[in-house]
Amino acid sequence: MQNLIFSKKTIVIGVTGGIACYKVLVLIKELKDLGSDIHLIMTEHSTHLVDIKDFEKASGNEVQTSLFYPKIDYIDYIKKNKEIKHISLADIADLFLICPATANIIGKMANGIADDLLSTSITATIAPVLICPAMNVKMWKNPIVQENVKKLKKLNYHFVEPEYGELACGYKGVGRLANLKKILDRIGLLLKQRNDLKGKKILVTAGATFEEIDPVRVITNKSSGKMGTSIAEQAFLRGANVILLRGHNSVEPNYNLKEEKFTNVDDLYNKIKKNINNVDIIVHSAAVSDFTINNKEKSKIKSNKELHLELTPTAKIFEKLKKLNKEMFLVGFKAECNVSEKRLIGSAYDILQKANAELIVANDVGKKGRGFDVDTNEVFVVDKDKNVEHIKLADKRIVADKLLDIILQKIK
């Protein structure tokens, strides 16, 4: 059954010499069933592991392995105006997928090495490039490999990182090719980017605040900032002008977003005030401390005696935001722990009314796989008319993208 996101899209898949390369056959079939046109580049090492004919049969296209045709005559190329493979494949791609990606191809990409058809085509393409690493756990943890991955992320290459599990080499650890469903979901996200947020200025807050007890101790919460950072990244990929305000210990964005780090509640509020002018949308997902320390010490407190802290409620930043910019579309988050769905939605609606917000995203952080410091989430999005849209448990990137869809529907 064809899918509008995948239909008539050209995906060039680079297959490298990792044991997991046989899994790509399943992915090709799924992409073909969704309506995509698949072209394959296989490295020499990958052809020693699998049969090219299986990949040609699955894709319906000839597999390319060499930078030039055998016995190439450059004069013949010029006279006949023949296509040059690394340029033609780079040009036709709506998406370039490297699956599996070895440490070798990651190293080449990170350092601008183009010495075969795959690495040259990647260098020549302007399509989004999605990299799905698979390798030995020790190779994946190698600091050089990690530095190359970090470098590519900063250059706006996309990754579906490997998972923990049994590896072909006999080891157990992180290095196994990610679940194919996860890879397919990420392909869908990248193909979906339509620049539909182009021209919109979006301010996103993410992560936890810290309130000092003394110079070395703080009270905080378990927020990693993964949800807010995913929202900022997906908005950026859809063309928005994004400003990300994130807590000092929150996850780093994968792309070169405009960002500032905050510490405590007052610092966050001041940074919001500084950046709020002409903002079209604010997504306030930061986990803001409900209390500050009333009797904060200027020097480190000795640990050999009981300590009694005086906590004072902090100002509710979210309720102040509309007063700073009445025209913006305001989205907030509400976390509860082990409550009923009815109570969760009711609590979200109460906050929406107090802040005069447009949407509240509510989730139950007491349930497994939802909320703080995990890669997945399940949320309920509540609007002013108390309509509720349920985004089922999924990777936070998927949740972020669906939330942006809802926001777009509301502002059109």
Inset, instruction - Could you identify the single residue in 230, 224 that is within 26 Å of residue 365 (Cα to Cα), surrounded by 19 or more Cβ atoms within 10 Å (Cβ to Cβ), in contact with a helix residue (DSSP H, G or I) (Cβ under 8 Å, 6 or more places away or on another chain) and of a type outside the set (A, V, I, L, M, F, W, C)? - result: 230
Legend entry - Qualifying positions in region 336-360 - surrounded by 17 or more Cβ atoms within 10 Å (Cβ to Cβ) and at pLDDT below 95: 336
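Every residue, every condition in (1) within 30 Å of residue 159 (Cβ to Cβ); (2) within 27 Å of the chain's Cα centre (by Cα); (3) β-branched (Val, Ile, Thr); (4) not assigned by TED's automatic domain parsing to the domain that holds residue 205, yes or no:
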| residue | (1), (2), (3), (4) |
| --- | --- |
| 323 | no, no, no, no |
| 328 | no, yes, no, no |
| 345 | no, yes, yes, no |
| 350 | no, no, no, no |
| 369 | yes, yes, no, no |
| 377 | yes, yes, no, no |
| 380 | yes, yes, no, no |
| 386 | no, no, no, no |
| 406 | yes, yes, yes, no |
Inset, instruction - Look at residue 131 and say whether it is of a type in the set (Val, Ile, Thr), outside any loop (DSSP other than H, G, I, E, B) and under 14 Å from the mean Cα position of the chain (by Cα). - result: yes
Legend entry - Residue check, residue 243 assigned to a strand (DSSP E or B), at pLDDT 95 or above and β-branched (Val, Ile, Thr): yes
Inset, instruction - Say whether the condition of being out of contact with any helix residue (DSSP H, G or I) (no Cβ under 7 Å at 6 or more places or on another chain), modelled with pLDDT of 95 or more, in the same structural domain as residue 372 (by TED's automatic domain parsing) and more than 20 Å from residue 360 (Cα to Cα) is met by at least one residue in region 274-292. - result: yes
Inset, instruction - May I ask you to list the residues in region 3-24 that are within 25 Å of the chain's Cα centre (by Cα) and within 25 Å of residue 104 (Cβ to Cβ)? - result: 11, 12, 13, 14, 15, 16, 18, 20, 21, 23, 24
Inset, instruction - List the number of the failed condition for residue 260; all other conditions in (1) surrounded by fewer than 17 Cβ atoms within 10 Å (Cβ to Cβ); (2) out of contact with any strand residue (DSSP E or B) (no Cβ under 6 Å at 6 or more places or on another chain) hold. - result: (2)
Legend entry - Among the residues listed as 339, 361, the single one being part of a strand (DSSP E or B) and either over 22 Å from residue 208 (Cα atoms) or of a type in the set (Val, Ile, Thr) (or both): 361
Inset, instruction - May I ask you to list the residues in region 280-293 that are more than 15 Å from residue 228 (Cβ to Cβ) and either among the hydroxyl-bearing types (Ser, Thr, Tyr) or in contact with a Phe, Trp or Tyr (Cβ under 9 Å, 6 or more places away or on another chain) (or both)? - result: 280, 289, 292
Legend entry - Any chance residue 278 is part of a loop (DSSP other than H, G, I, E, B), more than 25 Å from residue 389 (Cβ to Cβ) and under 27 Å from the mean Cα position of the chain (by Cα): yes
Inset, instruction - Test residue 244 against the stated conditions and say whether it is over 27 Å from residue 310 (Cα atoms), surrounded by 23 or more Cβ atoms within 10 Å (Cβ to Cβ) and either of a type in the set (S, T, N, Q) or under 23 Å from the mean Cα position of the chain (by Cα) (or both). - result: yes
Legend entry - Long-range neighbours under 6 Å by Cβ, at least six apart or interchain, first residue farther than 9 Å from residue 128 by Cα within region 88-104, second modelled with pLDDT under 90 and of a type in the set (Val, Ile, Thr): 90/125
Inset, instruction - Scan region 9-27 for residues that are surrounded by fewer than 23 Cβ atoms within 10 Å (Cβ to Cβ) and either outside the structural domain of residue 176 (by TED's automatic domain parsing) or in contact with a helix residue (DSSP H, G or I) (Cβ under 9 Å, 6 or more places away or on another chain) (or both) and jot them down. - result: 9, 10, 17, 22, 23, 25, 26, 27
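Restricting to region 361-409, what's the tally of residues that are touching a strand residue (DSSP E or B) at 6+ places or on another chain (Cβ under 7 Å) and either modelled with pLDDT under 95 or under 14 Å from residue 344 (Cβ atoms) (or both)?
Within region 361-409, residues that are touching a strand residue (DSSP E or B) at 6+ places or on another chain (Cβ under 7 Å) and either modelled with pLDDT under 95 or under 14 Å from residue 344 (Cβ atoms) (or both) number 27.
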Legend entry - Selection count where residues are surrounded by 19 or more Cβ atoms within 10 Å (Cβ to Cβ) and polar (S, T, N, Q), scope region 194-217: 2
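The values are calculated or read from the model by the stated rules, or taken from the named source; none is laboratory data. From a predicted model like this one, the values you see are computed outputs, not experimental measurements. Positions of Cβ are backbone-derived with ideal geometry, glycine not excepted, and every protein chain shown enters the neighbour counts.
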